[in-house]
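Colleague: Before I ask anything, let me first share the structure, which is written out below as structure tokens.
The values are calculated or read from the model by the stated rules, or taken from the named source; none is laboratory data. These numbers come from a predicted model, not from an experiment. Positions of Cβ are generated from backbone atoms using ideal geometry, with glycine treated the same way; all protein chains shown enter the neighbour counts. Ligands, DNA and RNA are excluded from the accessible area calculation, which covers all protein heavy atoms including side chains. Shrake-Rupley method; radii C 1.70, N 1.55, O 1.52, S 1.80 Å.
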Amino acid sequence: MCAAEATASLLHAEESFSACLARIDALIFKPLLQAEPSDQKGKENFKLFLLLNDRFQALWNLTEENYRIVKQKCSTSEPFCIQDIYIVWKGDLFLSLYIQYFVTFANYVVVHGFEHATKSKSEAWKHHKTVLKQFLTDFTSETSMSLALYTVLHKPIRDHIEQYILLLTKLNEVLKEGSEKDVVTSTVKEYVKLESFISQVLDEACFTKTLWKSLGYKFTDMLCVPERRLLEDSRNLPISASTNRSDRILLFDDVLVLIQGNSFQSFDLKLVWVDENCREKSTPGLYGLRIITPEETFFLSAKDPQMKAVWQWKLNQAIRQALNGKRDFPLWGKTGEGTEPPSCRFFTYVFRLESKFKSASYEGEWHWGKPHGKGTVKWRDGRNHVGDFKEGLEHGFGICLVPRRSEDRYDCYKCHWYEGKMRGYGICEYGNDMVYKGYFKDNVRQGFGILENHSAEHPFKYTGQWENDKKNGYGVWEDKDRGERYIGTWLDDHKHGQGIVVTQSGVCYQRTFHADKMVGSGILLLEDDSVYEGNFTEDLTFVGKGKLSFANGFILEGTFTNKSGQGLQTQGILNTSNEQPDERITKTQLGLKEFPVEKRWKGIYDQFLEFIHSGCKEETEESFTGFHIQTSKELRKSQEYLFCHRGTEDVSWKIEDILEELVHLKELESLQRYLEKALKSSLHPLGKLLKALTIAFQATYSGIGANRHLLTMAQEEVKYYAKKIWEFYQGLLHLALEQKGQMPAKCVDGETRHLWPLKDLTLTTNQRRSLIKDKCFLSATECLQKLITTVDPREKLLILQKTYEEIESTVSRVVETDYKLPMDDLLPLLMYVVSRAKIQHLGAEIHLIRDLMDPTNQGGLYDFLLTALESCYEHIQRMRLHQRENCHLSHSS
């Protein structure tokens, strides 16, 4: 068959088919369109029939257009080519219209559309039944009218598609190899797929229609929608759900339904994951599939692997097609885009069950049933969270808005999150005009942070340590109204302990505070270089006993009073014998003993140290070292990898590049150049550390704090900064060498290797005792001190075990190998830890544990550790007794 013969055959086929469609339109569609029902169900079906009519008209119009084009071509003497065959040239359009018609036709079948239409009581329809008998030759009774309509509205159209396939197949047989033959071959395949698609669509529709007939009205009213198709039924292919939670399982093309009694549960397939790698422990001999949804996980169990495989395949196919938003073509063939649906998805879901997300909607990325990736959660109370999620919890950077109850404003948290809680560096802009920049832990301010009040009523700024959301530890408070700066310790948001106050006028004093109140005596340094030692009020009035040292060397010592209207009065002795000023007084330096430099800004050092211990992972860098970012805009940009000031820096400071470069720094000059460059950068970890320390330094010593009596304190702090920066550089180098599989160079100090963790500290004779006291086995000491925090002997034993593990871990780090402590090594180390822990009534604690210890622990690890603790306690008691005896003998002599 040549192209001309194919065109002639197509012309005849289209002419006959067009005439058939005209009869269907006149005898079926037009009469049914005149019989509009009055009941609600009928009206819904009628809308669907209107859409079916639109699809039919579009198909008829395309057939007419094809007929006109082919007829016009046959009337000319021009040679024929493949492009003249419209069903080839416009194949995609033909396929699209046929698919639309049969999908709509199937929807009408599912809702029993033909049954409802043939029961119409309109006079127009009753009169037209007689006319239809001539066209519907199979019509014999009222019950078969719907079947006749069903047949006549799809069979002629399917037959015509078969004609297309037959005609194109014959044409393809005579074509020579080449592009035209390839085009026709491809077109034939598509029409064959269409034929298979139509068959599958109609089968699914009839299968679904039968289901709706078998279910009660309650289920049908809630589940039956025209577009929904039943893909599998556990009554046809047996499978059961775990814990007897369903009598029947229905797989549709959009939902999975579990029916039990008169109730059912439905699960949107877009948020269903199927895990085949499971086997139910409670039901041996069954082959299970684990079904994972956002809030529930359950099992489907089959009795043989073949049945499990069929259900698994159908579930995965249905899920994948639901995610794609369209069915495969054909529905169930080898042309699908893979059998496994993606594990990562994007979808919106409203949580129903009791959880932190109850009644909240989540829109974003999912992975195996849990929010994972970028997403947004919105609660009904106005809260919302935008950011990163991991395994169902906020994890990574996020922005959280929390409405304030008393006013129409929000607290905005721009922070890092870890397993559902704020952790790491963040910025919180409160609705009351306060801003916090600092570290969080477990949703509260914890570690180093800055709280600033920008309101005009009472502007202030606090820079320092936080614990449990309150100011605790060392910190600096600047009261901008009073023109004062407090430098000292805090407890639960109150000035508590030793503190230094510096005023704008140059007055500086040091006092002990208790819950914001000054107690006891203090030292007051006046602007004229006079020094007062004693008690004084908040308005700096001398009260009670005190000593006033003048700059000229005179000293007034006595009792001071300040009666109303009489001014300051004193009763005492004025010593004028010292004609020269006492430099010890005029150059008094505050804060050195009260605030050891190593205990200031511990919250900054801890974060950078933790960053190194975590392996310097780039995704967590800002969480630990983000204090170089001081505006929420920069914080947001950094999360988009547009770090602040990046445009002005020509050096890339990626962590992997930093560690790689450190390994190759061998010469002193190259190291010096590298450190200069790193410390100037706001992107290098060392530069970030310097930036954070600079902020702390300026908060303490700039402006009001630029007082000569704080000079030594500031100098001491700067020296310590340099020491810590160098330590962190060594930590980065150590990590870089470890990742390269190289061992860091060992310190050679002429001493034999021991178990005390001091080998990488350079010690002088004067430093050794204090460093041992403060550094050695600090974690084990702190752990043992928790012994008195519980009354449960089991928990006390766990604390003792943890202390042992901390000692062993420290020793293993020193000797650079796993080291299991025998009793000979453990006793001296444990004795050191016990003596440093200073636990009150330790003997009573030991007796309590021993008396109430579970007998099954006899001879085990707990018994071993408790015996060691008893030995240490007894030895310490003997040493104390021996010291007292020696002391008594020396006094006697």
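Colleague: Just the residues that are acidic (Asp, Glu) and surrounded by fewer than 18 Cβ atoms within 10 Å (Cβ to Cβ), please, taken from the range 683-740.
Modeller: Passing the criteria: GLU716, GLU727, GLU738.
Colleague: Also, quick follow-up: Within the range 356-380, restricting attention to residues that are out of contact with any Gly (no Cβ under 9 Å at 6 or more places or on another chain) and more than 23 Å from GLU619 (Cα to Cα), which residue is most open to solvent (accessible area, probe 1.4 Å)? Break it down stepwise before answering.
Modeller: The first filter runs over the range 356-380 and keeps only residues out of contact with any Gly (no Cβ under 9 Å at 6 or more places or on another chain), leaving 358-361, 368, 378-380.
Filter once more, keeping what is more than 23 Å from GLU619 (Cα to Cα): 358-361, 378-380.
Values: LYS358: 90, SER359: 37, ALA360: 0, SER361: 36, LYS378: 119, TRP379: 29, ARG380: 203 Å².
Among those residues, the one meeting the criterion is ARG380.
Colleague: Name the one entry in GLU816, GLU885, GLU870, GLU805 that is modelled with pLDDT of 75 or more and over 17 Å from SER779 (Cβ atoms).
Modeller: GLU870
Colleague: Being over 18 Å from LEU778 (Cα atoms), at pLDDT 80 or above and either surrounded by 12 or more Cβ atoms within 10 Å (Cβ to Cβ) or aliphatic (A, V, I, L, M) (or both): is that true of ILE876 here? Don't jump to the end; show me each part of the working.
Modeller: Values: over 18 Å from LEU778 (Cα atoms): yes; at pLDDT 80 or above: yes; either surrounded by 12 or more Cβ atoms within 10 Å (Cβ to Cβ) or aliphatic (A, V, I, L, M) (or both): yes.
The answer is yes for ILE876.
Colleague: Can you tell me which residue is modelled with the lowest pLDDT among those in the range 60-71 that are surrounded by 17 or more Cβ atoms within 10 Å (Cβ to Cβ) and under 58 Å from the mean Cα position of the chain (by Cα)?
Modeller: Only one residue tops the list, namely ASN66.
Here is a yes/no grid of residues against (1) at pLDDT 85 or above; (2) at negative phi; (3) buried (at least 17 other Cβ atoms within 10 Å of the Cβ); (4) basic (Lys, Arg):
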{"site": "GLY285", "(1), (2), (3), (4)": "no, no, no, no"}
{"site": "PHE298", "(1), (2), (3), (4)": "yes, yes, yes, no"}
{"site": "PRO305", "(1), (2), (3), (4)": "yes, yes, no, no"}
{"site": "ILE319", "(1), (2), (3), (4)": "yes, yes, yes, no"}
{"site": "ASN324", "(1), (2), (3), (4)": "yes, yes, no, no"}
{"site": "ASP328", "(1), (2), (3), (4)": "no, yes, yes, no"}
{"site": "TRP332", "(1), (2), (3), (4)": "no, yes, yes, no"}
{"site": "THR335", "(1), (2), (3), (4)": "no, yes, no, no"}
{"site": "VAL350", "(1), (2), (3), (4)": "yes, yes, no, no"}
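Colleague: Out of the strands (runs of 3 or more DSSP E) lying entirely within the range 394-444, which hold 2 or more residues that are open to solvent by 60 Å² or more (accessible area, probe 1.4 Å)?
Modeller: 410-418, 421-429
Colleague: Looking only at the range 360-385, count every residue that is under 19 Å from the mean Cα position of the chain (by Cα) and part of a loop (DSSP other than H, G, I, E, B) and tell me the total.
Modeller: Within the range 360-385, the first condition is being under 19 Å from the mean Cα position of the chain (by Cα), and the residues that meet it are 360-379, 383-385.
Narrowing the set further to residues that are part of a loop (DSSP other than H, G, I, E, B) leaves 360, 368-369, 379, 383.
Here the count works out to 5.
Colleague: Looking only at the range 670-682, count how many residues are within 32 Å of the chain's Cα centre (by Cα) and surrounded by fewer than 21 Cβ atoms within 10 Å (Cβ to Cβ).
Modeller: 3
Colleague: Among all residue pairs at least 6 apart or on different chains, which show Cβ distances below 6 Å where the first residue, located in the range 668-697, is farther than 19 Å from GLY731 by Cβ and the second is open to solvent by less than 90 Å² (accessible area, probe 1.4 Å)?
Modeller: SER682/HIS628; ALA696/TRP601
Colleague: Looking only at the range 467-486, filter to residues that are in contact (Cβ under 8 Å) with a residue 24 or more places away in the chain and assigned to a loop (DSSP other than H, G, I, E, B); which one of those is most open to solvent (accessible area, probe 1.4 Å)?
Modeller: The qualifying residue most open to solvent (accessible area, probe 1.4 Å) is ASN468.
Colleague: Additional query: Does any residue of the range 209-221 turn out to be of a type outside the set (Val, Ile, Thr) and in contact with a Lys or Arg (Cβ under 8 Å, 6 or more places away or on another chain)? Lay out the reasoning, then the answer.
Modeller: First pass over the range 209-221, keeping only residues of a type outside the set (Val, Ile, Thr): 209, 211-219, 221.
Filter again for in contact with a Lys or Arg (Cβ under 8 Å, 6 or more places away or on another chain), leaving none.
There is no residue in the range 209-221 that is of a type outside the set (Val, Ile, Thr) and in contact with a Lys or Arg (Cβ under 8 Å, 6 or more places away or on another chain).
Colleague: State all residues of the range 519-562 that are assigned to a strand (DSSP E or B) and among the small types (Gly, Ala, Ser); if no residue qualifies, say none.
Modeller: GLY520, SER521, GLY522, GLY534, GLY544, GLY546, SER549, GLY558
Colleague: Could you count how many residues in the range 563-621 are at pLDDT below 80, out of contact with any strand residue (DSSP E or B) (no Cβ under 7 Å at 6 or more places or on another chain), surrounded by 15 or more Cβ atoms within 10 Å (Cβ to Cβ) and in a loop (DSSP other than H, G, I, E, B)?
Modeller: Going through the range 563-621 one residue at a time, the tally reaches 1.
Colleague: Are any residues in the range 667-685 closer than 15 Å to GLU622 by Cβ and part of a helix (DSSP H, G or I), and if so, which ones? Full working, then the answer.
Modeller: To start, the set of residues in the range 667-685 that are closer than 15 Å to GLU622 by Cβ comprises 681-685.
Scanning the range 667-685 gives a single hit, PRO685.
Colleague: GLY449: assigned to a loop (DSSP other than H, G, I, E, B) and not basic (Lys, Arg), yes or no?
Modeller: no
Colleague: Somewhere in the range 72-79, is a residue in contact with an Asp or Glu (Cβ under 9 Å, 6 or more places away or on another chain), closer than 26 Å to LYS176 by Cβ, open to solvent by less than 50 Å² (accessible area, probe 1.4 Å) and not β-branched (Val, Ile, Thr)?
Modeller: The initial filter retains those residues of the range 72-79 that are in contact with an Asp or Glu (Cβ under 9 Å, 6 or more places away or on another chain), namely 73, 78.
Keeping just the survivors that are closer than 26 Å to LYS176 by Cβ gives 73, 78.
Within this subset, residues satisfying the condition of being open to solvent by less than 50 Å² (accessible area, probe 1.4 Å) are 73.
With not β-branched (Val, Ile, Thr) added as a condition, the list becomes 73.
Checked against the condition, which is being in contact with an Asp or Glu (Cβ under 9 Å, 6 or more places away or on another chain), closer than 26 Å to LYS176 by Cβ, open to solvent by less than 50 Å² (accessible area, probe 1.4 Å) and not β-branched (Val, Ile, Thr), the range 72-79 yields at least one hit.
Colleague: Still on this model: At pLDDT 90 or above and farther than 16 Å from LEU609 by Cα - does that describe any residue in the range 730-752?
Modeller: no
Colleague: Let me ask you something else. If PHE17 satisfies all but one of (1) surrounded by 14 or more Cβ atoms within 10 Å (Cβ to Cβ); (2) modelled with pLDDT under 85, what's the number of the condition it fails?
Modeller: Evaluating PHE17 over (1) surrounded by 14 or more Cβ atoms within 10 Å (Cβ to Cβ); (2) modelled with pLDDT under 85 leaves (2) as the failure.
Colleague: Identify the single condition in (1) surrounded by fewer than 19 Cβ atoms within 10 Å (Cβ to Cβ); (2) in contact with a Ser or Thr (Cβ under 6 Å, 6 or more places away or on another chain) that ASP493 does not satisfy, given that it satisfies every other one.
Modeller: All conditions are met except number (2).
Colleague: Any residue in the range 855-871 that's without any contact (Cβ under 8 Å) to a residue 40 or more places away in the chain: show its pairings with residues that are of a type outside the set (Gly, Ala, Ser) and open to solvent by less than 50 Å² (accessible area, probe 1.4 Å) at Cβ separation under 6 Å, as long as the two are six or more apart or on different chains.
Modeller: These pairs meet every condition: ASP863/ASN857; GLU870/ILE846.
Colleague: Can you go through LYS170, LYS189 and tell me which one is touching a residue at least 40 places away in the same chain (Cβ under 8 Å) and open to solvent by 80 Å² or more (accessible area, probe 1.4 Å)?
Modeller: After ruling out the rest, the residue left standing is LYS170.
Colleague: If we scan the range 453-462, do we find a residue that is free of Cβ contacts under 8 Å to residues at least 60 places away in the same chain, open to solvent by 10 Å² or more (accessible area, probe 1.4 Å) and among the hydroxyl-bearing types (Ser, Thr, Tyr)?
Modeller: The answer is yes, given that some residue of the range 453-462 is free of Cβ contacts under 8 Å to residues at least 60 places away in the same chain, open to solvent by 10 Å² or more (accessible area, probe 1.4 Å) and among the hydroxyl-bearing types (Ser, Thr, Tyr).
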